[in-house]
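Here's the structure, in structure tokens; my notes come after.
Coordinate-derived values only; no laboratory data. What you see is a predicted model, and the numbers here were worked out from it, not measured in a lab. Note that each Cβ is placed from the backbone with ideal geometry, even for glycine, and that neighbours are counted across all protein chains shown.
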Amino acid sequence: MKTTALTAEHEALGAKLVEFAGYRMPIQYHSIRAEHLRVRSTVGLFDVSHMGEFIVRGADREKFVHHITVNDVLSMRSGQAQYSCMCRPDGGIVDDLLIYKSDDHLMLVVNAANLQKDWDWISSHVSGDVQLTNRSDEISLMAIQGRNAQDILQTLTETDLSAIPFYHFAEGRVAGHEAVISRTGYTGEDGFEIYLPNDGAVPVWRAILDAGKPYDIEPIGLGARDSLRLEMKMCLYGNDIDDKTNPLEAGLGWITKLDKSDFIGKDVLLKFRDAGVTRKLVAIELADSAFPRPGYPILDLHGTEIGRVTSGTVSPSLNRGIALGYVPVEQSAIGTTLSISCHGKPAAAKIVKPPFYKRPY
């Protein structure tokens, strides 16, 4: 298994380390529930250095990335980040990703589990004056998430964090180390991501934990990262989206700009739009704390299976089961009553308007 520059830090903190996307990563430090609630109540720090970073340079870089992704890259300004996805010619999702636009290059941030697949896919479609560099093994990435994130991080940088809008970034220094500081997030809380060379990872990690002590900051594992994103109905590749799902049925129509110039998968997605998708990814809330795990059947009122859970947990914030899953469009309306078969027993549930959790600030 690969390690990150922070693996020894996790070991020293007593983390439970597991294999994730080929990396040895912390799944939890003590309790997933407690770590989840720490992020919701104050602030937490994540190591997400397993994510992939590809640098795209050349005169045709923007035109190229515009063609291989569904969002509008040509409308981006320098210092802006954009959520998007790449599609196959049949409309299936290759991966979802973040695009960062700088004056002289673009940075694509991809999922760790898809890193090699994405690299091969992107490389196979290069055209024009485009140069690709895979810097995934050179860059560490940590995320500080929670309502106190800005107060803590501001003590470690001269960059005015209040001047970084949502889905934007700035280049600066954190605890004396050069870094890219962005404001996107995968938890539903305010927060920042810090991209920096590996040799700065340990001192910056320690500096953030030290600066966050007055706010009871804690390191947070990937277990809580998953439950936090699920409470916000943020898709996880391999669960809620994959190469057999298209962005329109996954609720990602808002990033799929079908009126832009040609892009991979556009023709098929236009047909889906015009004919209407047959299924839809919905948010399902259970009446109690039954645990809806991925793969559990979703049943209509007659007990007929109409879909399967793609992501599920007992929400630490709501103290009840929550799930995502695809159901037929005609049975996808908000308020629709159904059930999820948990260990063979139907648990009462209904479709709700996402996100499950609404932050109070």
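Of S31, A163, M142, which is farthest along the charge dipole of the chain in the positive direction, counting Lys and Arg as +1 and Asp and Glu as -1 at C-beta?
S31
So if I place +1 on the C-beta of Lys and Arg and -1 on the C-beta of Asp and Glu, and nothing else carries charge, what would the dipole magnitude of the chain be about its Cα centre? I want it in debye, nearest 20.
For the chain, the charge dipole is close to 1080 debye.
Can you tell me what share of the DSSP beta bridges in the chain is antiparallel? A percent to the nearest 5 is fine.
Numbers: 76 of 81 bridges.
Bridges in the chain are about 95 percent antiparallel.
List the lysines whose alpha-carbon lies under 25 Å from that of K2, not counting same-chain residues fewer than 8 positions away?
K16, K117
Testing the spin-label approximation: label points 7 Å from Cα along Cα→Cβ at K345 and Y361. State their distance in nm.
Inter-label distance under the simple model: 3.9 nm.
Select from N319, T7, T133 the residue farthest towards the positive end of the dipole of the chain; place +1 on Cβ of Lys and Arg, -1 on Cβ of Asp and Glu, and compute about the Cα centre.
N319
Can you list the lysines whose alpha carbon is less than 22 Å from that of K350, not counting same-chain residues fewer than 8 positions off?
K233, K280, K358
How far apart, in nanometres, would the label points at L301 and A34 be if each is projected 7 angstrom from Cα along the Cα-to-Cβ direction?
Those two pseudo-labels are separated by 4.4 nm.
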